[in-house]
1. Write out the GluC sites (Glu not before Pro) in region 207-297 meeting two conditions: DSSP loop, and at most 15 other Cβ atoms within 10 Å of their Cβ.
2. Could you check the simple spin-label distance between H108 and M288, using points 7 Å along Cα→Cβ, in nm with one decimal?
3. If you place +1 on the Cβ of every Lys and Arg, -1 on the Cβ of every Asp and Glu, and leave all else neutral, what size is the dipole of region 301-415 about its Cα centre, to the nearest 20 Debye?
4. Just report the Cα centroid separation between region 180-201 and region 24-94, whole Å.
5. Answer with one residue from G187, W318, S295: the one whose Cα lies farthest towards the positive end of the charge dipole of the chain, charges on Cβ with Lys, Arg +1 and Asp, Glu -1.
6. Compare the Cα positions of G124, N146, M161 along the charge dipole of region 115-163 (+1 at Cβ of Lys, Arg; -1 at Cβ of Asp, Glu; about the Cα centre) and return the one farthest towards the positive end.
7. Would you mind calculating the relative contact order of region 301-415 from Cα pairs under 8 angstrom and at least 6 residues apart, reporting the percent as a whole number?
8. Taking R0 as 45 Å, what's the FRET efficiency between L120 and E52 from their Cβ-Cβ distance, rounded to 0.05?
Amino acid sequence: MDESNNESTVGDSEGEEKTMRTEALCTDWASTPREKLQGAMKMAEKFIEKNEVHKAIRELTRYVALTRIIYGDGHWKMAQAFTNLAHGYMILQGLPAQAIQHAESARHALLTRGHLPSSLGEKGEILGTLVTLYYTLGAAHLAQNNGKESYVNLQKAEKIMEELQELDEGVITGLTISQKGLVIALGRTCLQQNKLGFATGYFEKAVTAVTSAEGDMAPELISLYQEIAQMEQLKENHEKAIAYLLKAHSICVALHRELSVEAAQTGLLLGKAYAATGEEQHIVAAEMHFTGSLSAYQTLLSADDTQTLRAVTEFSKWLVRIGKKQQAYKLLDDSLKANIDINSDFSEKTVEIYHLMGSIWLAEGEIREAHQLFSKCLQIQLAVYGPQHRKPRAMRELLNMLKSSAICEGNRPLG
């Protein structure tokens, strides 16, 4: 996200909180501030349930304003209010910069001013706030590709959650963050840092948590198995990756039917996983899953849909790799013909299709045909990126090389 936009939105949220503080006192005179505070949280929860994001954020901001009026800046309740707002910005709106700003305000209130809890219940609330605070910071830094900072904060959340479990004798109630959500976030931040062993361990913990709570056909297992498979592929454990993807695919088929976009997605991943082994014994399985996935996409989505085009290109690249160039070319050509507006489709996928077709002609020694297709790639790239971008520059170099090659071989000049 653009930094200037981040700063603008952060500034907007500060201004909105000041406005809310004024409105909180000037509206609904019959209610006390504490009643208004409870009402703001109830409304926020209601809007979150209905997925009315902006209204939920507005109520959370109002909650911060009312908390400041009732408790003042030095109270732990103020940190709790900032934490809820930070969590809302991250989870509901996906705005990491705003989440970090409000989470840091919460951390400052909790850690610099200090507060001795008056009861076990209050201690549990403070610990729960800290779990949400550090989880939110971890998720926000993860979204900003800052894996190291993310991992540090998520580990803190994990340790505090363990302390909270001991306090509640193993039962955590009223906590925003689940253990499952926390271990998934830890797995993702480890994956981002290429700590594959740690990442696998966290994801396997998440699988255990999901299956024990919801059974071995829970929808959430689909993405978990896919992410574990991704890690196994990075470690070149292809057979393990295939095994996890087969589990994901079987859940998809059971929950969504075989002819569904969800099953097409896992089918495409299976095709790529079988193809990645490079073993002849997996050629039939790879082609079966590629074909089934593409057929489902073509049936359920339009020919120019991004997912359909991705299936076409992935299948075609594999066909080229195993020497079935004519089949690959026909698949790509049929895809272009099925897209009525392909000439006006200035997308990266269209460039990729033209590039693959050009590469097939080039491999066959047909320079003129390859040049024509690469020229179409250049036209789209110039329109999308402009002449100074690295992609059109690289394409222009390739076209110049093909022209030189044609001249050296004594062919008539390429247009």
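Just so you know, all these numbers are worked out from the coordinates, no wet-lab data involved. What you are looking at is a predicted structure, and each value in this text was computed from that prediction instead of being measured. Here the Cβ positions follow ideal geometry from the backbone for every residue, glycine too, while neighbour counts run over all protein chains shown.
1. Sparse-neighbourhood loop GluC sites (Glu not before Pro): E236, E258, E279.
2. Modelled inter-label distance: 6.1 nm.
3. So the dipole magnitude of region 301-415 works out to roughly 360 debye.
4. 32 Å
5. W318
6. Checking the options against the dipole of region 115-163, the answer is N146.
7. After rounding, I find 18 percent.
8. According to the calculation, E is roughly 0.80.
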